[in-house]
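Peer 1: What follows is a structure written as structure tokens; I'll ask about it next.
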Amino acid sequence: MSPRLRWLTAAAAGATVAAGAVLITGGTAEAGTISGALYRDTGTAVARWVAANPNDSRTAVIRDKVASQPASHWLSNFNLSTIGADVSSYVGAANAANQIPVLTAYAIPNRDCGGASAGGAPDLTQYQSWINAVAANLGNRTAIVILEPDSIALQTCLSSSEITARDQALATATRTLKAANPNAKVYLDAGHSAWNSAAEQAGRLVAAGVADADGFYTNVSNFNATSAEVNFGKAVIGALNGRGVSGKHLVVDTSRNGGASGDWCGDDNTDRRIGAYPTTATNDGDVDAYLWVKPPGEADGCRYAAGSFQPDLAYSLASSAPNPPVTSSPTASPSSSSASPSTSPSTSPSTSPSSSPSTSPSIPAGTGCTAVLTVASAWQGGFQATVKVTAGSRVTSGWTVSWTLGSGQSISQVWNGTLTVSGTTTTVRNVSWNGALQPGASAEFGLIASGNVTTPTLTCTAS
């Protein structure tokens, strides 16, 4: 779920992450421009895991320090036929609970520059149709929209004309959301404190239409200390003021910034900790909220499939964290099965793979693994799919999945795998970090294809 290139950029710059994070300890002071309780969805992946595992030794910690907290609802599966109902159900449930919904829109074309979280709409025209559906279902009460993580800070894969087109799309999206619900709070991507300079980021924000937004967000899916992000945000605000854009505020993702620095990939780092609990009571006039944009416990696509909930990750993040303040714990809200995404739980900046069958398919003799393809979204002339690879009864050091393309089909993108095409034969091999699997363990890769949707016969071979 979280974009790989962002961490690689920080690592290359020699960035370090300070230990510790600001903990909001309660009280009634608000500051910023938002007040009120943030919505806690009772149908998230972590809530379902807690309910299904009452006797697990990790359950109490995950329940009390993760599942009890509000986290953003990710809109990351591009599907024009379902997006409106998804937003309407989620916002409606939040309104019924008198709480503030937080949604992360993540469907811009060429998102994550084709990295671990690749995907999104096939083009900007269809993207605007998707945004129109989001906007039409935002209601008329306060709602927070985190618009397109990495879309502004990460542009290395785009040409100058593509950057201009993306900026225009983001500006139009912002105006569309604000016109549909004037009470919506829309924030644009400012990367994080160890990435672009404040001046550079301010210039990019202006080009992307931040003048029509409420401000910007930082640190999504990242680990930089809250104090560093607030200082960076204030510098960006100052740079925006210098460009004639005033009155902007920031929000900070504090879901995983309470621990130490280290390996860029959060899946493999056990030093990470949850940071400040989500709240609008920031006591800082420039900061509208501390949010859990990336739901703690959802993987980044390194050791586990991107977007999948992993209890060991959630437990590692929460085990040594302080208990949440009473005033930060939202009241329980009505459970609604339709409030969670139709294909994946509480998804994050990634392609958020669909849930796999509860029983593994039988494994043909001699192959050592199986592969199951699931179509995540489809549009006229193409589709996006994920393929789950499951090891058999022995440890694998690598895997290969192959199939025959249908008539008129071609593959334009693959992530979490290496693609080879020879005629109509398509082969995807593991990358360096997801080939070794324990018996019964799984890895996942994703793809975008042109042509009609088909269900090919996949052959999986383990080494």
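The values are calculated or read from the model by the stated rules, or taken from the named source; none is laboratory data. As the structure is a computational prediction, the values presented were derived from the model and not from experiment. Please note: Cβ atoms are built from the backbone with ideal geometry, for glycine as well, and neighbour counts cover all protein chains shown.
Peer 1: Name the residue, out of Thr156, Thr142, that is touching a strand residue (DSSP E or B) at 6+ places or on another chain (Cβ under 7 Å) and either buried (at least 23 other Cβ atoms within 10 Å of the Cβ) or assigned by TED's automatic domain parsing to the domain that holds Arg40 (or both). Give the steps one after another, and end with the answer.
Peer 2: Working: Thr156 fails: touching a strand residue (DSSP E or B) at 6+ places or on another chain (Cβ under 7 Å).
The unique qualifying residue is Thr142.
Peer 1: Please go through region 30-65 and give me each residue that is closer than 14 Å to Pro324 by Cβ and assigned to a loop (DSSP other than H, G, I, E, B), ordered by number.
Peer 2: Answer for region 30-65, where residues must be closer than 14 Å to Pro324 by Cβ and assigned to a loop (DSSP other than H, G, I, E, B): Ala37, Arg40.
Peer 1: Okay, next question. For a quick check of your reading: which strands (runs of 3 or more DSSP E) sit entirely within region 125-238 and have at least 3 residues that are over 16 Å from Ile108 (Cα atoms) and at pLDDT 95 or above?
Peer 2: Ranges flagged: 215-218.
Peer 1: I'd like to check which strands (runs of 3 or more DSSP E) are fully inside region 368-422 and have at least 1 residues that are out of contact with any strand residue (DSSP E or B) (no Cβ under 8 Å at 6 or more places or on another chain) and in contact (Cβ under 8 Å) with a residue 12 or more places away in the chain.
Peer 2: Counting at least 1 such residues, we get 369-379.
Peer 1: Continuing with this model, one more query. Do we find that Ser89 is among the small types (Gly, Ala, Ser) and buried (at least 20 other Cβ atoms within 10 Å of the Cβ) in this structure? Step through it out loud before you land on a result.
Peer 2: Working: among the small types (Gly, Ala, Ser): yes; buried (at least 20 other Cβ atoms within 10 Å of the Cβ): yes.
The answer is yes for Ser89.
Peer 1: Continuing with the same structure: For Ala107, are the conditions met, namely being surrounded by fewer than 21 Cβ atoms within 10 Å (Cβ to Cβ) and either of a type outside the set (Val, Ile, Thr) or closer than 17 Å to Val293 by Cβ (or both)?
Peer 2: Spelling it out, it is not the case that Ala107 is surrounded by fewer than 21 Cβ atoms within 10 Å (Cβ to Cβ) and either of a type outside the set (Val, Ile, Thr) or closer than 17 Å to Val293 by Cβ (or both).
Peer 1: Continuing with this model, one more query. Just give me the residues in region 448-463 being part of a strand (DSSP E or B) and surrounded by 15 or more Cβ atoms within 10 Å (Cβ to Cβ), in sequence order.
Peer 2: Listed by number, the residues that qualify are Ile448, Ala449, Thr459, Cys460, Thr461, Ala462.
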